[in-house]
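Have a look at the structure below before the remarks.
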Amino acid sequence: MVSTIEKNIQVATHKRQPLISRVQLRKIMLGAILPVGLLVIWEFAGRQSYLNPLLLPMPSEIYHEFIYLLQHGGLLGHLQVSTGRALTGFLVGGGLGLLAGILVGFSYKSEKMLDPSIQMLRMLPHLAIAPLFILWFGFGETSKLLLIAKGSFFPLYVNTFLGIRSMDRKLFEVANVLQFNKWNLVTKLIIPSALPNIFLGIRLSLGVAWLGLVVAEMMGSTTGIGFLINDARAMAMISTVFVGIIIFAVLGKLSDSLVLFIERKCLRWQQNFRGG
């Protein structure tokens, strides 16, 4: 009995797959060539005094500043606040953009009534409406979340609308033959067919949410990574500014990679060209 259990354990251990496959490891290494190479050249140029340390500190100095902020500067607290703001604004703005894209894409009358006004609002830059949001809603969280939501709304709206209008008309003819009601038409035909565009809109909306977060946290905020950058800029602490910039870049990349991972899981049926 004991030997049988031991054999089963050995078989299970033998069949256990590694956390990262060789193909995934190769992709990671290939993607790391450019940033690692730039960091090495940057560090070398700094140590050889080719760069002004007051304007462009070396990567090692930025790393030490990151460790200091992590241990003594409340970096995790700022990071938590910024992440919460970005995700909340994205959920509000992106969710409304998805619903509006489905409504306008599904109805010709809704397009004629709503789309011109939405496209006009889409052209308003963040910096132009930020003072208005401050006057209307003050310096609290409401103005910041609305600014992030405003930016997150339009990419998802446009791509959802485009995904619906790009559908093959024959699919609607099949749905009429099957006598789909409007609910089944939306949930079983329109949304699944528009998923590639919807996922693209989600990725773009997340990127705009992080950009909007920077603007939001630089206008009268006392917490967040954007506030940390703005405060460090005022005090000429360039290393801290670079820490904040790199954090935004990493967070944006991680969120984009997460959406891309979910997209690949949901769209396995697609046969796309992946490059030669």
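Just add up the charged neighbours of residue 240: K/R +1, D/E -1, any other residue whose Cβ is under 15 Å from the Cβ of residue 240. Numbers along the way, then the final one.
Numbers: positive: 233; negative: 61, 65, 217, 231.
Charge balance in the 15 Å sphere: -3.
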Review point. What's the center-to-center distance, using Cα atoms, between the range 20-52 and the range 91-105 in Å?
Key: 39
Practice item. Sort all Cα-Cα distances of the chain into consecutive 10 angstrom bins from zero, then give the percent of pairs in each bin up to the one containing the longest distance. Key: 6, 20, 24, 22, 16, 8, 3, 0
Revision key, fill the gap. Summed over the other residues with a beta carbon less than 13 angstrom from that of residue 196, with K and R at +1 and D and E at -1, the charge totals +2
Point to revise | In Å, descending, principal axis extents of the Cα set of the range 146-209 | key: 44, 19, 13
Check your understanding: How many lysine pairs in the range 164-276, separated by 8 or more positions in sequence or lying on different chains, have Cα atoms less than 22 Å apart?
Key -> 4
**Study point:** Ellipticity estimate at 222 nm from DSSP helix runs (n ≥ 4, -39,500 (n - 2.57)) divided over the chain, nearest 500
**Key:** -26500 deg cm²/dmol
Exercise for review: Would you look at the GNM of the chain, springs on alpha carbons closer than 10 Å, and say which of 29, 113, 218 moves the most?
Suggested key: 29
Study note, to complete from the structure: Highest GNM mean-square fluctuation among 209, 232, 86, for the chain with Cα springs under 10 Å, belongs to 232
Check your understanding: GNM on the chain, C-alpha springs below 10 Å: top fluctuator among 53, 35, 131?
Key -> 35
Review point. Counting other C-beta atoms within 10 Å, which of 263, 43, 173 has the fewest, and how do the rest follow?
Key: 173, 43, 263
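With +1 on the Cβ of every Lys and Arg and -1 on the Cβ of every Asp and Glu, and nothing else charged, how large is the dipole of the range 63-266 about its Cα centre, in debye rounded to the nearest 20? If you can, show how the numbers build up before the last one.
Numbers: 16 positive and 10 negative charges, 127 e Å.
Dipole magnitude for the range 63-266 comes out near 600 debye.
Taking only the Cα atoms of the range 38-162, how large is their convex hull per residue, in Å³?
166
Output the pairs from 109/144; 112/150; 109/150 with a Cα-Cα distance over 30 Å in this structure; if there are none, say none. Walk me through the numbers before you get to the answer.
Numbers: 109/144 33 Å; 112/150 21 Å; 109/150 24 Å.
Going by Cα-Cα distance, 109/144 fall outside the 30 Å limit.
Can you run the Rg to Rh ratio on the range 91-225? Use alpha carbon positions and the Kirkwood inverse-distance Rh. Don't skip to the answer; put the middle values down first.
Details: Rg = 17.4 Å, Rh = 16.0 Å.
With Rg and the Kirkwood Rh in hand, the quotient comes to 1.08.
Would you list 255, 193, 152 from fewest to most Cβ contacts within 10 Å? Show your work: numbers first, answer last.
Values: 255 20, 193 17, 152 31.
Lowest count first: 193, 255, 152.
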Practice item. Neighbouring Cβ atoms within 10 Å as the yardstick, rank 44, 242 fewest first. Key: 44, 242
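Coordinate-derived values only; no laboratory data. The structure displayed is predicted, hence computed values, not measured ones. Virtual Cβ from ideal backbone geometry, glycine too; neighbours counted across all protein chains shown.
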